[in-house]
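Take a look at the structure below.
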Amino acid sequence: MSFLELRMVSKSYGAGAAEVEAIRDVDLSVERGSLVAVMGPSGSGKSTLLTIAGSLEDPTRGEVVIGGRSLSVMSRNDKARLRRRTVGYVFQDFNLLAGLTAGENVALPLELDGVPARRARSAGVSALEQLGIAERAERYPDELSGGERQRVAIARAVVGERSLLLADEPSGALDSTNSEAVMRMILAACRRGVAAVVVTHDAQLASWADRVVFIRDGRIVDQTVPPPAPESLLEDVTGPSQQR
């Protein structure tokens, strides 16, 4: 059963002659435990698709369903609660809070959801450790490099018990080694049952996905299933006896 569904979703900006349709009649479903990569040229509607899927914007037409609940009948407060408890989001500009350390940024969603501070901080440091930057946990965002800030944002998105992960170019500022670490972390979340959608320009990153969706001029124009990633890359996520 799909955890995320976009049903004939369209989004327009402006009005009259100035109206621009960012996405048009998009149907997309993502099951629990599945990773879907979205690819397409700049301006094709990829980021708009993510913001609508994560309830940050409302569609002009169509319906978004998360965990069997239609967003169209939810109040603003209910949507905010859904984002905090259910959705992990990795933004292109990271959206880290400047006044909190890296560890505090990662732990914040857990603390807002009632997890005791000590347990939330421990979970945050553990997530940072998986991405090789636990030693930066006490540093503030402006003391981190772009790649380090990106990894903090990814750790914040996957920590805890969220069910949906939405990532906009999660490896954009990273080298190949750190990109692999990010993808292992995302795949590990999927193996726990998380549904994930990753927007990317990187074909190698997309090859880790269970399905690749191609979008152009706001429409989904093709979908494909990439060949399985090499087992040596997946063993750290699934263990050598399991298959993708």
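Taken together, V182, V158 contain a single residue that is surrounded by 16 or more Cβ atoms within 10 Å (Cβ to Cβ), among the β-branched types (V, I, T) and over 11 Å from the mean Cα position of the chain (by Cα), which is V182.
Yes/no per residue for (1) buried (at least 22 other Cβ atoms within 10 Å of the Cβ); (2) more than 15 Å from V36 (Cα to Cα); (3) charged (D, E, K, R); (4) at pLDDT 85 or above:
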residue	(1), (2), (3), (4)
W208	yes, no, no, yes
I215	yes, no, no, yes
P228	no, no, no, no
S241	no, yes, no, no
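Of all residues in the stretch 141-163, those satisfying the criterion of being outside any loop (DSSP other than H, G, I, E, B) and aliphatic (A, V, I, L, M) are V152, A153, I154, A155, A157, V158. One residue stands out among those in the stretch 92-106 that are under 17 Å from the mean Cα position of the chain (by Cα) and closer than 21 Å to G132 by Cβ: the one that is surrounded by the fewest Cβ atoms within 10 Å (Cβ to Cβ), which is F94.
Results for (1) modelled with pLDDT of 90 or more; (2) more than 20 Å from R84 (Cβ to Cβ), shown as yes or no for each residue.
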{"residue": "N105", "(1), (2)": "yes, no"}
{"residue": "P109", "(1), (2)": "no, no"}
{"residue": "R119", "(1), (2)": "yes, no"}
{"residue": "L131", "(1), (2)": "no, yes"}
{"residue": "R136", "(1), (2)": "yes, yes"}
{"residue": "D142", "(1), (2)": "yes, yes"}
{"residue": "A153", "(1), (2)": "yes, no"}
{"residue": "V158", "(1), (2)": "no, no"}
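Within the stretch 186-204, the set of residues being under 18 Å from V30 (Cβ atoms) and either among the small types (G, A, S) or at pLDDT below 85 (or both) comprises A188, A189, G193, A195, A196. The residue that is modelled with the highest pLDDT, counting only those in the stretch 1-44 that are polar (S, T, N, Q) and more than 23 Å from I66 (Cα to Cα), is S44.
For the stretch 49-88, the set of residues classified as under 25 Å from G146 (Cα atoms), at pLDDT 90 or above, surrounded by fewer than 22 Cβ atoms within 10 Å (Cβ to Cβ) and touching an Asp or Glu at 6+ places or on another chain (Cβ under 9 Å) consists of T51 only.
The values are calculated or read from the model by the stated rules, or taken from the named source; none is laboratory data. Values in this document were obtained by computation on a predicted structure and should not be read as measured data. For neighbour counting, all protein chains shown are included, and Cβ atoms are generated from backbone atoms with ideal geometry for every residue, glycine included.
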